[in-house]
Every structure is written in C-alpha cells, then in structure tokens.
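Here the structure comes first, spelled out in structure tokens, and everything after it is commentary.
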Amino acid sequence: MADGPATFTTLISAFTTFLTVAIHTILYERSIYPRTSFLSARKYNYAVRQSRHPKVCQWIADAVAAVESELLKGTVGRVAVVIFDQSEKPLERFMFDCSRLPVVPAGEWDTPLVRESKNGERTDILPLVDLEEQLRAAMAKLTVCGTLLRPVPENCSFTVAIELKDEGDAPIGHPQPWVPVSPGLQKSVDKDAERRSRTGEDVGGVKTTPLRNVEAGEMMFEMWIEEGKAKMRGPEKNRNVVELGEGWRSSASS
C-alpha cells in the first residue's frame, strides 16, 4: 500500500487481496483441485498456496473483482466461498462477514481517511503492522481447516457468493457477473404475492466452526465455516432450482 493515509479504495483492495489468497488456500486445503497443481508462495509473511492453473487463477480474479465492485457500493453483508457436491448440494460455506466495513459515498472513495478517537487523536484506518499480524493469524486458521473438517467427496465444485445487506440493491446490470443462488442458500425467499419470507434451509449449515475475528483499524470482518446438511447425511441426486433472492453467486462456477 502506498505511503500516506489510506483511502476507502485501498481498504477494500486490502480486503479483496486477502480474499483472493483465502480462496486459493481453501481450494488447496479442501483438495478441490490436485495439490500438485498449487505453488508455494508467501503472503503476510506466511507460507500460502496458489493455484498455477491459468483458468482457475483468472476465474478467481474475475470473481473477486466482482465482489470488490459490490463492496465499494457498501451493499455486501457477507462473502461466501461455497463448496458443492456433484449434485450441486452445498457441503461447506467459508464465510467472511464484512458488514462492519465502513460505507463511503462514491465521490469520496479515493479521499484519504483517518480515524478520530474520542480524545481527538487521529490514526490511520489501516495500521499496517497490526493489519499484517491480523491477516497472518487469519490465514493460519484457514490453513488448518483440513484437519478441522471431515473430507469432502471427489469431484466437488465451488463458487463465490455474496449476501446483500437488507438495504442493498440486487447487482443487476450488463454484463451480469452475478446470478441468484439456489433457494436453500438465500437469506430470504418470497413464498407468495404477499412477500412473506423465510430463511433458506441451507443457510447457517448444521455445524459451525469459528475461525477468526479480524480487527485492525477500520478493517473489521469475521470468518467461520458452515458445514451443510448434505455433507452430514451423504450425497443426494436432487438439484436446487435457481431463483431470484438476496443471495448471489458468481455467474460461472469453477
């Protein structure tokens, strides 16, 4: 990050850089692709893994760029990396609750920002030393998830999804990088013309594993893992129908 006070753009960029590294780590730890297809690398002064397949890397880059666009708008409550079985049942969701990140008007995204304490003292919104320490600890939690979780079956797929804040507008436009998730993963699903709603049956999973609560200046987010019903009860052949709702996934699963 450049010297001088950070901007909202640099804060969101720091989060999405972490998200990119996290996705590569999840794919490696959960063996979604052969482990031999990953390179050793370092980030946050910590050993990490990175896929060396160009198409996988490009897909992740495109998905994270789409997430970043929505984060800048302040509409995202949570980001999820979702692992599906062959019948597209969600097995695991790696959750990143970013609802506490600040919301800044578009005209001020590149304006230098500082935090002001109750006594009037001003500090950087992104204290670099504390930030790297926090993100290193978060990455350490992710790299041991393989020992915390039951294995997933072979031939799983994954995607990146976002859950919108209640006041957030659906990310509709052209080109369209997002499609609605299946009803079971939606925060709310319309049941009839009166717009009564319920929580999707797969939201929250049946088992939750806390990972890390990151707090460094204005960089505040929480991480946990949800294991779904399909993982606990074994594979099924039924497939969910995609419908419109408040949960959105990247338009191309990998």
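The values are calculated or read from the model by the stated rules, or taken from the named source; none is laboratory data. Please read these numbers as outputs of a predicted model, since none were measured by experiment. Counting neighbours? That spans all protein chains shown, and the Cβs are built from the backbone with ideal geometry, glycine included. Quick note on the areas: whole protein, heavy atoms, side chains included, nothing else; ligands and nucleic acids left out. Shrake-Rupley method; radii C 1.70, N 1.55, O 1.52, S 1.80 Å.
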I need the phi-derived Karplus couplings for segment 59-73: 6.51 cos²θ - 1.76 cosθ + 1.60, θ = phi - 60°, integer Hz, Gly and Pro marked x. 4, 4, 4, 5, 5, 5, 4, 5, 4, 4, 4, 6, 4, 4, 6
In debye, nearest 20, what is the charge dipole magnitude of segment 52-96 about its Cα centre with +1 on Lys and Arg Cβ and -1 on Asp and Glu Cβ, if you could check? 80 debye
List the residues, sorted by chain then number, that are 5 or more residues from Lys165 or on another chain and whose placed amide H is less than 5 Å from its amide H. Val76, Gly77
What are the residues whose amide H is under 5 Å from the amide H of Ala216, where those residues sit 5 or more places off or on another chain and H is modelled from the backbone? none
Which entries in Lys165/Lys231; Lys55/Lys207; Lys141/Lys231 show an alpha-carbon gap greater than 30 Å? Lys55/Lys207
Inter-site label distance for Arg100 and Lys141 at 7 Å from Cα along Cβ, in nm: 1.1 nm
Once Lys and Arg get +1 and Asp and Glu get -1 on their Cβ, which of Leu135, Cys98, Thr75 lies farthest toward the positive end of the dipole of segment 43-148? Leu135
Under 5 Å, built H, 5+ apart or other chain: amide partners of Val206: Glu227, Gly228, Lys229
Find, among the GluC sites (Glu not before Pro) in segment 120-153, those assigned to loop by DSSP (not H, G, I, E, B) with at most 10 other beta-carbon atoms within 10 angstrom. Glu121
Ranked highest first by average number of other Cβ atoms within 10 Å, how do 47-53, 74-80, 114-120 line up? 74-80, 47-53, 114-120
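What whole-number value in Å² describes the accessible area per residue of segment 1-138 for a 1.4 Å probe? List each step's numbers first, then the result.
Details: 6590 Å² over 138 residues.
Each residue of segment 1-138 exposes 48 Å² on average to a 1.4 Å probe.
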Over segment 59-176, what percent of the accessible surface lies on carbon and sulfur atoms, probe 1.4 Å? 50 percent
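Order Ser40, Ser99 by their accessible area, 1.4 angstrom probe, all chains in place, largest first.
Working: Ser40 95, Ser99 55 Å².
I get Ser40, Ser99, largest accessible area first.
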Run the 1.4 Å probe and let me know the accessible area of Phe15, rounded to the nearest 10 Å². 0 Å²
Debye, to nearest 20: dipole size of segment 1-100, +1 on Lys, Arg Cβ, -1 on Asp, Glu Cβ: 280 debye
